[in-house]
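These notes are about the structure you will find just below.
The values are calculated or read from the model by the stated rules, or taken from the named source; none is laboratory data. This is a predicted model, so every value here is computed, not measured. With ideal geometry, Cβ positions are generated from the backbone for all residues, glycine too; neighbour counts draw on all protein chains shown. Protein only, heavy atoms only, side chains kept; ligands, DNA and RNA dropped before computing areas. Shrake-Rupley method; radii C 1.70, N 1.55, O 1.52, S 1.80 Å.
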Amino acid sequence: MRRRHLRGRLDFKFSPYLYISPFFVLFALVGLFPLIYTFVVSINDWELLGGAGDWVGLDNYKAELASPLFWNSLLNTFSIFLLSAIPQLVVATFIAAMLDQNIRAKTFWRMSVLVPYVVTPVAVTLIFSTAFDEKYGLINNLLGALNLDTIAWKTDVFPSHMAIATMVNWRWTGYNALILLAAMQAVPRELHESAAIDGAGAIRRFFSITLPSIRPTMIFVIITATIGGLQIFTEPKLFNPSSSVPGGPDRQYQTTVLYLWDLAFNRGDFGRASAVAWMLFLIIIVIGVINFLISGTIASSSDKQKSRRFATRKGKK
């Protein structure tokens, strides 16, 4: 009896940890170990074929911080990220708001916006790369038919960033719209009905009820979009396959991940590539913390406003 009681207590105490342990074991194998191993590689003169060389400490980090190619890749990454993330989130919120309305064939429209996400990134890049071709592409042919100047989509810096951002937006907007739609549908309808009875229009209800109610989901979408945007690789890699340099002949759209890939597999310098990977990791962490602090400040100010309104209404009663 005593042994059974002890077994029951141990089961109650340790079973939850046992059930969630597979996740942490997998995380340690495929997440934590590569991260630590990359740091070890970054402080060594590690070559692709030669393997581990001499210990160089932080020299790889110093060399990359002094390299104009690293800063060029970082600038390209942030430019493409801003051109893709901001319009993407605005359009995704608008689409989610439209799908949240009482329209016909809801399931059809909701599944339709998810279709671009199902298409593989390689197929998306090949299709858009053909459309943005400077000589025979669909976009420049349309501009020529309208007697407008053609655009050097794969030669100039800003047009190439716009073209790559278009691919990212096309693929991810519908996916984010469905996440925001799920959050919008969790908002109690009674709030909208009460506001409508008080005379609030659809736009006022959207900004005063819907957006504040989906704030946690919005923060999640912003953070995931930030992480994905700063790690962009496939689109710039396949945008111009004829280019001998990854990211354009003059590295016009070479992102940071593409730059570290070039360092590792074209130049064989794994040490400097790992240093770039770690610096990108730290940049993402910093931006994530900034997002968290900003969202926390907005949330606390919103809660204070709600408390004030509640206190004012209570005082009136």
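Quick one: if you stick a label point 7 Å off each Cα along the C-beta vector at residue 122 and residue 143, how many nm between them?
With each label point 7 Å from Cα toward Cβ, the separation is 3.0 nm.
Considering every Cα-Cα pair within the chain, what fraction, in whole percent, is farther apart than 34 Å?
More than 34 Å apart: 44 percent of the Cα pairs in the chain.
Towards the positive end of the charge dipole of segment 1-84, with charges on Cβ (+1 Lys, Arg; -1 Asp, Glu), say which of 19, 50, 36 has the farthest Cα.
19
Using 7 Å Cα-to-Cβ label points, what is the residue 110/residue 289 separation (nm, one decimal)?
For residue 110 paired with residue 289, the spin-label model returns 3.9 nm.
Could you please state, rounded to a whole Å, how far the C-alpha centre of segment 1-27 is from the C-alpha centre of segment 138-216?
Segment 1-27 and segment 138-216 have Cα centres separated by 47 Å.
List, in order, the whole-Hz ³J(HN,Hα) value for each residue of segment 250-263 obtained from phi through the Karplus relation with A = 6.51, B = -1.76, C = 1.60 and θ = phi - 60°; use x for Gly and Pro.
Values per residue, Gly and Pro as x: 9, 6, 5, 10, 7, 7, 5, 5, 5, 5, 5, 5, 5, 4 Hz.
Scanning the chain for helices, which whole DSSP H stretches are 30 Å or more long along the axis (Cα) and average 0.0 or more by Kyte-Doolittle?
In the chain, the long hydrophobic H runs are 68-99, 157-185, 270-316.
For residue 224, project a label point 7 Å along Cα to C-beta. Then give me every residue of segment 54-98 with its amide nitrogen under 17 Å of that point.
Label zone hits: 85-86, 88-97.
Per residue, how much accessible area does segment 93-152 show when a 1.4 Å probe rolls over the protein heavy atoms, in square angstrom?
I get 69 Å² per residue for segment 93-152.
Any idea of residue 18's accessible area? Nearest 10 Å², probe 1.4 Å.
Residue 18 has an accessible surface of roughly 120 Å² with all protein chains in place.
Could you work out how far apart the two model spin labels at residue 91 and residue 198 are, taking each label as a point 7 Å from the Cα in the direction of the beta carbon, and quote it in nm?
3.5
How much accessible area per residue does segment 1-79 have, in Å², with a 1.4 Å probe?
That works out to 80 Å² for each residue.
Pull out a ≥ b ≥ c, the square roots of the eigenvalues of the alpha-carbon gyration tensor of segment 1-149, then state rounded if a/c is under 1.5, prolate if not and a/b is larger than b/c, and oblate in the remaining case.
oblate
May I ask you to give the percent of accessible area on the chain that is carbon plus sulfur, with a probe radius of 1.4 Å?
Exposed carbon and sulfur together represent 68 percent of the surface.
Averaging over every viewing direction, what projected area does the convex hull of the Cα atoms of segment 96-162 cover, in nm²?
6.8
Between 46, 278, 55, find the one with the highest GNM mean-square fluctuation for the chain; connect C-alpha pairs within less than 10 Å.
55
What is the count of Lys pairs in the chain whose alpha carbons sit under 25 Å apart, if the two are 8 or more places apart or on different chains?
9
Please compute the per residue accessible area over segment 174-273 with all protein chains in place, 1.4 Å probe, rounded to a whole number of Å².
47
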